[in-house]
1. Subtract the Cα-Cα distance of residue 96 and residue 403 from 0.36 nm times their separation in residues, and report this length gain in nm to one decimal.
2. Using all C-alpha to C-alpha distances in the stretch 180-303, build P(r) with 5 Å bins and read off the rounded percent in each one.
3. What Kirkwood hydrodynamic radius do you get for the stretch 1-54 when you take the inverse of the mean 1/r over all pairs of distinct Cα atoms, in Å?
4. Sequence neighbours fewer than 8 away in the same chain don't count; with that in mind, list the aspartates and glutamates whose C-alpha is under 18 Å from residue 14.
5. Over the chain, what is the relative contact order in whole percent, taking alpha-carbon pairs under 8 Å and six or more residues apart?
6. Please list, in order along the stretch 51-61, the HN-Hα scalar couplings obtained from phi with the Karplus expression 6.51 cos²θ - 1.76 cosθ + 1.60 (θ = phi - 60°), rounded to whole Hz, x for Gly and Pro.
7. Take the Cβ-Cβ distance between residue 4 and residue 196 as r, set R0 to 22 Å, and report the resulting FRET efficiency rounded to the nearest 0.05.
8. Return the lysines within reach of residue 390: Cα separation strictly under 22 angstrom, same-chain partners fewer than 8 residues apart disregarded; answer none if there are no such residues.
Amino acid sequence: MGLTDRLNIKLMEKMRKTNALHYYEEYKENQWKDRETLVEEQRQAFQKLIHHIYDQVPFYQDYMKEHGLTPQSFESLESIQQLPIVGKETMKRHKQKMLANNIDELGAEEKRTGGSTGEPLKYYVPKLSHSIMWANIWRGWNVTGYQPGDKIAVLAGGSLLSSFDYKRQIYYYLNNWIPFSSYDMSEETMENYIKELQKDQVDYLYGYSSSTYELANHILKKGLRVPLNGVITTSEVLLPHYREAIEKAFSCKVFDQYGANDGGVTAFECDQHEGMHIGMERCFVEIVDEEGNPVPDGEEGRILLTDLTNEAMPFIRYEVGDYGAINREPCACGRGLIRFTHIKGRKQEFVYAKGGRKVHGGFFSTTFRQYDEVEQFQVVQDKPGAVQIKLKLSDQKFKSQLDKIKQTIASQADLDEVEITITDQFEKTKGGKHKFVINHVEEQS
């Protein structure tokens, strides 16, 4: 990275009033601390947050007083279980009471979630949280060799590339980003992306998993290679055949990331590729079962997030909607940060079988990943017990196996009707992401 690139990043930071570079340098060192030190720092940050919400946040003032709780009731991280689990609907319903009385002092700005399942959640994040978010993202990118200011192509939609107006173009320029929209992945557009990657001598690519796979698959079909130093995927489940195609097309390793700014979490793969290290400086993560009880390490459950830095509109025990598991065993890379073993996707990525039983979308991922001929799939449900499955195939001869696959899916998922359509047209979210499961059925009781 040159001096000009570094100065541009500092100028960008001045414009958005953040201090991410400072925290990036700090957190690059912080990740090598031992686990006990990192957990103790989390505990101290948690206690500071508890004192703040008791003094400044009406929702938690009322809750704690009603249940006879004081800041002294929260000596350990585990004591967080005395507070309620909250989701988007709770945050929306009690929004005014969720805001800190001193929010004007915190330099907070309004953000919104992607809203792929309905109306997005509008929330507030202080500049500190925004700075730490980018410090964590850059730390994850650094595994590839990336430094803030290095040239990187960003292949995404609204959650990463909010617009392409003049103001945003300046922002992309100062970041040294080459923006690629995921909304249009036509062959002509992908040809242009390939030319830009080659012409601009881009070293890194950051993108939605499905869109990056589409581009990689196009490159491979053309018999090409576009060598990069590293590819970072995010926002969607990185399927094994996605990783394989991306690494082949770009002649480099893929590093997956997971993030939810509303919950304060950022997690990244290291060079061991055995889970994703969690940014413990900003977020405390819990995994609980359907009744809200903690589950043992390694066991899958609902992910709850506590942003330890957001005092403007605290997200505490926030159910982001994803399922996953945690591993606290030491990683061979030497980082003290705990890891997600995997992220299984949104809770709404279920289909309903006969009788209202839920079948997780991961069932379909497991089913289709065993077939090299299936490049992409999408499951759509309009009524319980029935699904329509869209498949994009690399070999049309695979059609001869579809009847057998339909029967297997119907039997194993307990479905009455399974329809399969061959297509390369898939419904995307407003943010330009590919959804594996689109469920139009109302929540079953």
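The values are calculated or read from the model by the stated rules, or taken from the named source; none is laboratory data. Note that the structure is predicted; figures quoted are calculated from it, not measured. Every residue, glycine among them, receives a Cβ derived from its backbone with ideal geometry; neighbour counts consider all protein chains shown. Heads up: the accessible areas ignore ligands, DNA and RNA and are worked out on the full protein's heavy atoms, side chains in. Shrake-Rupley method; radii C 1.70, N 1.55, O 1.52, S 1.80 Å.
1. Gain on extension, residue 96 to residue 403, equals 105.2 nm.
2. 2, 10, 18, 20, 17, 11, 9, 6, 4, 2, 0
3. For the stretch 1-54, inverting the mean 1/r across all distinct Cα pairs yields 13.7 Å.
4. 5, 25, 109
5. 15 percent.
6. Per-residue couplings from phi come out as 4, 5, 5, 5, 8, 10, 10, x, 4, 7, 4 Hz.
7. Computed FRET efficiency for residue 4 and residue 196: 0.60.
8. 221, 344, 347, 354, 358, 399, 404, 406, 428, 430, 433, 435
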